[in-house]
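In what follows, a structure is listed as structure tokens, so that the remarks can point back to it.
FYI, it's all coordinate maths here, none of it is from the lab. Model, not experiment: these values are computed from the prediction. Backbone-built Cβ (ideal geometry, glycine too); neighbour counts: all protein chains shown.
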Ligand SMILES: [Zn+2]
């Protein structure tokens, strides 16, 4: 049960005493850090951070949030979203759509996407690139300032991409020049890759996104083919490291996956044509595979109904099953796996649907939950801060009806969300 009024009252009352204390009563608590299930727990959040987790005793006071009839988990983490490109309506398949929205429009729509994402249970996201550069930084900062309701965001600032590559608006007439704001990450050589990485990091990006291979939802380009050169990727990764940051790579093709890992990226996105050598290389280098194995079905359903470009649909079909087979092989091989859905490609708020796919393709329900909590936190370098219900972590919690360990689809309908001790719903 959601108890918004009680939560608000507790906040108001605690507010007068200095520290704000919010107690959550969890009927069942899934602890992905220790792969355990606890029952009847009190989670005490003080000033937005978890202070204590203990067995519930009525004598310790009433709950601000009464989830005694529900299963409570850490707030979920999606490592592959596109909230800040919210101007691209997911029902709008026009490749030139980003050019039809002003910067203000893009950012305002991003705020709507952020709200939908948070309300569906994702309290932390890595937003992995925008066509119009730096809009994601504005959205992240507005959320952090409490001006916009949304998940804690980590952002790329834009895409490092070859001209006309998967990170650019394409399909325009040859004599139409894409505006500068959409080409901030365009590079022609390793020196430019280094320069553009520095550009995004200097302006507040948290990490760098490389477009290593062609993209599915793009006109032109082959998902399996390399776009950025190994030297360009290495230059960007070296620069990111010097800034205390890292690169991640969009990579569908088997060679692009390996080249990106050798260049030093932290996570591989999509990994559609992942082969045994790629899995071994990812394992050897401690690289996480972030495979969006749900959205292929969404695109195949909605995209066909809405008449998306034939090239999108063809490339989607070509990459969907092979990616799922690769996912199953990677799980079996014990590779590091995390949770990323490509939200924005499908309708925001449906990210929970991917859990069932991860279980269908080889994970236990606990492994799928860990991918979206503890493993995602490690990939973000936020171990112990997010994705766990333990002292010191942010007070980010969700509640679902039923038992996700018995039926993982329970995570598709999140009943309650608390972010940093604040009741969202
Ligand atoms: Zn993406």
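Rounded to the nearest 0.05, the FRET efficiency derived from the C-beta distance between residue 105 and residue 314 at R0 = 25 Å is 0.25.
With a ≥ b ≥ c taken as the square roots of the eigenvalues of the C-alpha gyration tensor of segment 264-397, please select rounded if a/c is under 1.5 and otherwise prolate if a/b is larger than b/c or oblate if it is not? Because a/c hits 1.5 or more and a/b fails to exceed b/c, segment 264-397 counts as oblate. Ranked by the mean number of other Cβ atoms within 10 Å of their residues, highest first, the peptides 374-386, 252-264 fall in the order 252-264, 374-386.
Dividing the mean sequence gap of close Cα pairs (under 8 Å, 6+ apart) by how many residues segment 76-380 holds gives a relative contact order of 18 percent. In the elastic network of the chain, a GNM with C-alpha springs shorter than 10 Å, the most mobile of 405, 118, 73 is 405.
The value of relative contact order for segment 22-148, using C-alpha pairs under 8 Å at least six residues apart, is 23 percent.
Can you give the extra length, in nm with one decimal, that the chain gains between residue 37 and residue 305 once fully stretched, where that is 0.36 nm per residue apart less the Cα-Cα distance? Working shown, then result.
Details: separation 268, 0.36 × 268 = 96.48 nm, distance 4.19 nm.
My answer for the length gained is 92.3 nm.
Taking Cα atoms only, the orientation of helix 4-16 departs from the longest principal axis of the chain by about 80 degrees.
Extents of segment 23-165, taken as max minus min of Cα coordinates on every principal axis and listed largest first, are 62, 30, 25 Å.
Let me have the 222 nm mean residue ellipticity of the chain computed from DSSP H runs of 4+ only, each contributing -39500 (n - 2.57), with the sum over all residues rounded to the nearest 500.
-9500 deg cm²/dmol
From the alpha carbon centroid of segment 55-70 to that of segment 303-321 is 49 Å. Ranked by the mean number of other Cβ atoms within 10 Å of their residues, highest first, the peptides 57-64, 38-45, 238-245 come out as 38-45, 238-245, 57-64.
Our Cα-only numbers for segment 241-323 put the radius of gyration and Dmax at 14.7, 47 Å. If you wrap the tightest convex hull around every Cα atom of segment 76-380 and split its volume per residue, you get 110 Å³. Take every pair of alpha-carbon atoms less than 8 Å apart whose residues are at least six positions apart; their mean separation over the length of segment 129-254 yields a relative contact order of 26 percent. Could you grab the Rg to Rh ratio for segment 123-241? Cα atoms only, Kirkwood for Rh. Dividing the radius of gyration by the Kirkwood radius yields 0.99. Which angle from 0 to 90°, rounded to the nearest 10, does the C-alpha axis of helix 310-333 make with the longest principal axis of the chain? The two axes meet at around 60 degrees. By how many degrees, 0 to 90 and rounded to 10, does the Cα axis of helix 230-242 deviate from the longest principal axis of the chain? For helix 230-242, the angle is close to 40 degrees.
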